[in-house]
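This report refers to the structure that appears directly beneath it.
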Amino acid sequence: MTDSQRPISRFPVPDLADLPVDLRERIEAVQEKSGFVPNVFLVLAHRPAEFRAFFDYYDALMMKEGGLTKAEREMIVVATSAANGCLYCVVSHGALLRIFAKEPLLAEPVALNYAEAPISARQKAMLAFATKVAGDSRCVGEEDFVVLEEHGFSREDAWDIGAIAAFFALSNRMANLTGMRPNDEFYAMGRESRPPRS
């Protein structure tokens, strides 16, 4: 069985028609905008109350104004999701990173080794803090905040960086628990079409 043939979840996936109206409307809006339904919406719809809480917090973290760009928020998701071994989030948010950064080759270096990725020193400091929160949060200390401040981040920015890392630690674990399969569409999103090499 190829990856695109396996089920999208280890748990029951409800039919759209059977969902509460608010969930169905949210999913249909995403489908209209993107042209497909990301599997995370269908998988988490198994538990409507948790779906609502998850996406409310997602919106609060990822859709707000602040000191981080949308691309930087997605960098945090990609780097920490890679550290947590979450294929779904690396693939899906790698697509969003490519789109928001307008860089078709950026997601893989950020996922594999952000320290060598073609990003700024400021962004590398941001990802160092984020991966520490995601993987070893008990060791976060005042010196970590000083490094962020030296790169122009405020305390509120540090909260955002840490909160995104922490939220996606939950998301990564739920995706791995459920066996959430990335949609095939994500792999091509945000990539330039290049002529074949001769």
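The values are calculated or read from the model by the stated rules, or taken from the named source; none is laboratory data. Because the structure is predicted, anything quoted here is derived from the model rather than measured. As a convention, Cβ positions derive from the backbone with ideal geometry for all residues, glycine included, and neighbour counts pool all protein chains shown. Accessible surface areas use protein heavy atoms only, side chains included; no ligands, DNA or RNA. Shrake-Rupley method; radii C 1.70, N 1.55, O 1.52, S 1.80 Å.
Condition check: open to solvent by less than 20 Å² (accessible area, probe 1.4 Å), part of a helix (DSSP H, G or I), within 25 Å of Phe51 (Cβ to Cβ) and of a type in the set (D, E, K, R). Does Glu185 satisfy that? No; evaluated as a whole, the condition is false for this residue. Among the residues of the stretch 37-48, at least one is of a type outside the set (A, V, I, L, M) and open to solvent by 50 Å² or more (accessible area, probe 1.4 Å). Test Phe167 against the stated conditions and say whether it is open to solvent by less than 80 Å² (accessible area, probe 1.4 Å), aromatic (Phe, Trp, Tyr) and not in a helix (DSSP H, G or I). Criteria not met by Phe167.
Report yes if Gly94 is of a type outside the set (A, V, I, L, M) and closer than 21 Å to Val133 by Cα, otherwise no. Taking the combined requirement at face value, the residue satisfies it. Only a single item in (1) open to solvent by less than 60 Å² (accessible area, probe 1.4 Å); (2) under 28 Å from Gln5 (Cβ atoms); (3) of a type in the set (D, E, K, R) is not met by Arg191, and it is number (1). The set of residues in the stretch 105-160 that are assigned to a helix (DSSP H, G or I), among the β-branched types (Val, Ile, Thr) and without any contact (Cβ under 8 Å) to a residue 24 or more places away in the chain comprises Val146, Val147. Evaluating Met180 against the criteria (1) assigned to a loop (DSSP other than H, G, I, E, B); (2) closer than 15 Å to Gly67 by Cβ; (3) under 17 Å from the mean Cα position of the chain (by Cα) leaves one unmet condition, (2). Evaluation of Arg52 against the conditions (1) touching an Asp or Glu at 6+ places or on another chain (Cβ under 8 Å); (2) closer than 20 Å to Val90 by Cα shows that the sole unmet condition is (2).
Residues of the stretch 87-103 that are closer than 21 Å to Ile8 by Cβ and either of a type in the set (Val, Ile, Thr) or surrounded by fewer than 24 Cβ atoms within 10 Å (Cβ to Cβ) (or both): Leu87, Val90, Val91, Leu96. Those helices (runs of 4 or more DSSP H) of the stretch 1-104 in which at least 2 residues are of a type outside the set (Val, Ile, Thr) and more than 14 Å from the chain's Cα centre (by Cα), considering only elements entirely within it, cover 21-34, 39-44, 48-62. Quick check on Asp18: is it free of Cβ contacts under 8 Å to residues at least 12 places away in the same chain, farther than 25 Å from Trp159 by Cα and open to solvent by 40 Å² or more (accessible area, probe 1.4 Å)? Criteria met by Asp18. Is one or more of the residues making up the stretch 110-132 open to solvent by 50 Å² or more (accessible area, probe 1.4 Å), under 18 Å from the mean Cα position of the chain (by Cα) and among the aliphatic types (A, V, I, L, M)? Within the stretch 110-132 (the criterion being open to solvent by 50 Å² or more (accessible area, probe 1.4 Å), under 18 Å from the mean Cα position of the chain (by Cα) and among the aliphatic types (A, V, I, L, M)), the answer is yes, since at least one residue qualifies. Counting only residues that are in contact with a Gly (Cβ under 7 Å, 6 or more places away or on another chain) and not β-branched (Val, Ile, Thr), which one in the stretch 131-155 is farthest from Tyr187 (Cα to Cα)? Per the stated criteria, the residue is Ser154.
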